[in-house]
Amino acid sequence: MKHFRDIKTISVSSFINLAAAAVSNIWILRMLGPAVMGIWKSAVLLVSLADWANLGVTRGARLQIPVLEAQHNTEESERLAGSAGAFSMLLGLTLGLGMLAASFFVGSHNFRIALRFVALSTAVMSPYCFLRDMANARHLFDLRSKENYVRGVVDCIGGIILAKLFGLAGLGLGTALPIAVGVVFLWVRMRTVFTFSIDFGTVKKLIRAGLPYQISDAGFDLLRRLDVIAVALLLGPIFVGYYGISYLTMDICVLLSQRGVAEVLSPHMQRSLGQTDSFATVAPFYESLARLTGYALPPLLGVGAFILPICVRLALPQYIPGIAPAQITLFSVFFLVVHSTMSSFFVAAQKLPAIFRLFSIIGLMGAATQFLVLRAGLGLTGVAWTTLATLAVVISGELVIARRACGHNTAEIALYLSSLYFPVCASIGLMLLMNSINLAGWMPGFLESPVKAALYLLFYSPIFLIYESKFTMLRALYQTT
């Protein structure tokens, strides 16, 4: 259960970090408006290029170092870390300078400014990802937790002040600043030495180990961003801005689940693999967390769907057109979190080729569906429902692959999926039912959403109590120290 304790440590600090980022983003969304935010969100998609260009080097180190340290091979572990660090430093500088040079050929003034600050973020992101992965690989989760708190303070305070003073340029600088602070904090506390001497033989070894994992993560990231790409191409940046509430919700939850779950589970799985050399021993790591997510997360998402409209109307009235799709997007979070519990398992179980095929097929179908939905005039709400359905199909495919790898037959897999999905399906149905009821004539308008949220929890509580009495996952999580 040590992985539960580490997940709690990182998840709490990541949640506080992201809560600070959310406060900052809400203020910035309000100050800058949908048009400017649409430009920035469109430009920041280029940051994913840095992830692709890394070729899986840092992920390869994150996968191999726990195994080597479990085998007490410290010398090889240090050599891998040194080569990965040098590669990451040079990659960040190269990509940052390349994006900066490209910005001089952009015609739009605002896009040119956005691209230049994206270049700065990219330059510091590459070494930051290396240092973060090394801390995770070496199980330095307390250090990672402290870094989350420091970066959250800088992100919240610095982001708001810079955006207020300098507009789009301040938004860009406020995005890069907390990443740079994270680099310095981890670099000093871990006493990491960056060099510009690369052992290309070691780098090739890391690429072979990490590139499949890299492609898997990047492929899923692209798949979940199909909605933003379709909206940007067919509706334009203003509608991307309206959809920014959904985009922000997804990004926050992806970051929380990746940093609080996936990045903690991966070194635990790899260490266990190094000790036993059997992927069957790592299956319980994802199974227990997927089960916990299955019944504990839906009520939080349902309550969020009722509270969200109030928050948007009070804090971000110019984004009201984005409320309905954001309510739907909240339930996509369930599938994102389940994915994060399994992504490291596929590496240990050597099932990434099957995952690539799954992403390719569902990705093409999802992209075609998004464009058809927009062409049919179903708008942002249709886009959000399509994203929810696409993620549900993808995660179902992942679960089938994972369960088959553990020797389960078709009937057992079907029973597991129905048991896992019933709470979230019931939660969505209850949310739609509550939204269909008009309580305006019975009480003041400001009480309607809280009352609906309370009724929703009342109707959902039997499901939660039955699942907890059977699996006792929350009790196990509470008892970890």
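Table: residues versus (1) surrounded by 16 or more Cβ atoms within 10 Å (Cβ to Cβ); (2) part of a helix (DSSP H, G or I); (3) on the phi < 0 side of the Ramachandran plot.
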site	(1), (2), (3)
Gly38	yes, yes, yes
Leu55	yes, no, no
Arg59	yes, yes, yes
Leu63	yes, yes, yes
Val67	yes, yes, yes
His72	no, no, no
Ser77	yes, yes, yes
Ser83	yes, yes, yes
Met89	yes, yes, yes
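Tell me which residues, restricted to the stretch 155-192, are in contact (Cβ under 8 Å) with a residue 60 or more places away in the chain and not in a helix (DSSP H, G or I). Of everything in the stretch 155-192, those that are in contact (Cβ under 8 Å) with a residue 60 or more places away in the chain and not in a helix (DSSP H, G or I) turn out to be Gly167, Thr192. Scan the stretch 285-320 for residues that are crowded, with 18+ Cβ neighbours inside 10 Å and assigned to a helix (DSSP H, G or I) and the total you get is 22.
Could you please find all residues in the stretch 403-415 being touching a helix residue (DSSP H, G or I) at 6+ places or on another chain (Cβ under 6 Å) and in a helix (DSSP H, G or I)?
Arg403, Ile413
The residues of the stretch 26-43 that are touching a Gly at 6+ places or on another chain (Cβ under 8 Å) and closer than 21 Å to Ala119 by Cβ, listed by number, are Ile28, Leu32, Val36, Met37, Gly38, Trp40, Lys41. Set side by side, the residues Ala368, Ala384, Ala414, Ala389 differ, and just one is within 20 Å of the chain's Cα centre (by Cα) and free of Cβ contacts under 8 Å to residues at least 24 places away in the same chain, which is Ala389.
For the stretch 430-450, name all the residues that are surrounded by fewer than 16 Cβ atoms within 10 Å (Cβ to Cβ) and either in a helix (DSSP H, G or I) or polar (S, T, N, Q) (or both). Passing the criteria: Leu432, Leu433, Ser436, Asn438, Gly445, Phe446, Leu447, Pro450.
Within the bounds of the stretch 98-111, is there any residue that is under 25 Å from Leu186 (Cβ atoms), crowded, with 21+ Cβ neighbours inside 10 Å and under 27 Å from the mean Cα position of the chain (by Cα)? Looking for residues that are under 25 Å from Leu186 (Cβ atoms), crowded, with 21+ Cβ neighbours inside 10 Å and under 27 Å from the mean Cα position of the chain (by Cα), one finds at least one in the stretch 98-111, hence yes.
Residue check: Phe359 meets all listed conditions (1) free of Cβ contacts under 8 Å to residues at least 60 places away in the same chain; (2) farther than 29 Å from Val36 by Cβ but one, namely (1). Only residues that are under 16 Å from Val400 (Cα atoms) and free of Cβ contacts under 8 Å to residues at least 40 places away in the same chain were counted in the stretch 417-431, giving 2. Inspection of the stretch 210-225 identifies no residue that is modelled with pLDDT of 85 or more, touching a Lys or Arg at 6+ places or on another chain (Cβ under 9 Å), in a helix (DSSP H, G or I) and over 18 Å from Ala21 (Cβ atoms).
Residue pairs whose Cβ atoms lie under 8 Å apart, sitting 6 or more positions apart in sequence or on different chains, and linking a residue in the stretch 285-313 that is at negative phi to a partner that is outside any helix (DSSP H, G or I), do not occur here.
The values are calculated or read from the model by the stated rules, or taken from the named source; none is laboratory data. From a predicted model like this one, the values you see are computed outputs, not experimental measurements. A quick note on method: Cβ atoms are made from the backbone with ideal geometry, for glycine too, and the neighbour counts reach across all protein chains shown.
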